[in-house]
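To start, the structure under review is shown below, and the notes come after it.
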């Protein structure tokens, strides 16, 4: 019963390098989300995908791109990493409910440091 | 758009004491409210949720929260905390019209022996 799986768990990059964070869920959920978590700022939504084939920007999309590869997988790409993108990244998924009443299920996070 | 304010960034408390973690929200429409807990180096886990009906909601690990529409609040309480409750707690809000969820900045609960 894996739930939401994120890879890698840790990564160190140099400024300007690119990287893709992977996320997969096995709960047959339609919606998937990418957040970043910074001290004192809670979770901020980067991008989300309401259903397979759609993606939308969240609060802080600049510097990121996403791909909803299929219903299970939602990846986050940093094309040219910057130190300001040092953060903990969380992927989440949510199933259908009566419009917004389902909780999100979270992965364990990817800790990304950019030097 | 909805938003969430967690009024305390840190709450220290002694073991077996009661605790209240405060959360206020703003929204122009009806809302759904959630509390999550995050243990070190882990993701967020759902503690409890309010969707409709009874304003007192019970969750896991002995936590409960009360929805107060007039005060736009959803405070989390536990009558007697344990060392193992040390964690960060997040309040979150969503509504029937948007697919996202807004989180508060978090409250770090530290339970001391």
- Query: Using the scaling law 2.2 N^0.38 Å as the reference, what is the normalised Cα Rg of chain A?
  - Reply: 1.01
- Task: Would you mind ranking B:84, B:27 by Cβ crowding within 10 Å, fewest neighbours first?
- Result: B:84, B:27
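Quote the FRET efficiency, to the nearest 0.05, computed for residue B:60 versus residue A:77 with a Förster distance R0 of 25 Å and r equal to the Cβ-Cβ distance.
Efficiency, from the Cβ-Cβ distance: 0.10.
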- chain B, relative contact order in percent, only Cα pairs under 8 angstrom and at least six apart counted: 37 percent
- Message: Please compute the contact order of chain A in relative form: average sequence separation of alpha-carbon pairs under 8 Å and at least six residues apart, divided by the residue count, as a percent.
- Response: 35 percent
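Between residue A:10 and residue B:8, what FRET efficiency follows from the Cβ-Cβ distance if R0 is 25 Å, with the result rounded to 0.05?
0.25
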- Task: List the relative contact order of segment A:42-90 as a percent without decimals, with contacts defined as Cα pairs under 8 Å and 6+ residues apart.
- Result: 26 percent
- Message: Rounded to whole Å, give me the distance from the Cα center of segment B:37-101 to that of segment A:23-76.
- Response: 22 Å
- Footprinting exposure proxy for B:107, A:20, B:86 (fewest neighbouring C-beta atoms within 10 Å first): A:20, B:86, B:107
- Item | Per-residue Cβ neighbour rank within 10 angstrom, fewest leading, B:88, B:64 | B:64, B:88
- Task: For segment B:27-97, just the Cα set please: Rg and Dmax, both in angstrom.
- Result: 12.7, 39
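Values in this text are rule-based calculations from the coordinates and carry no lab data. Predicted, not measured: the structure shown is a model, and the values here were computed from it. Cβ: placed from backbone, ideal geometry, glycine included. Neighbour counts: every protein chain shown.
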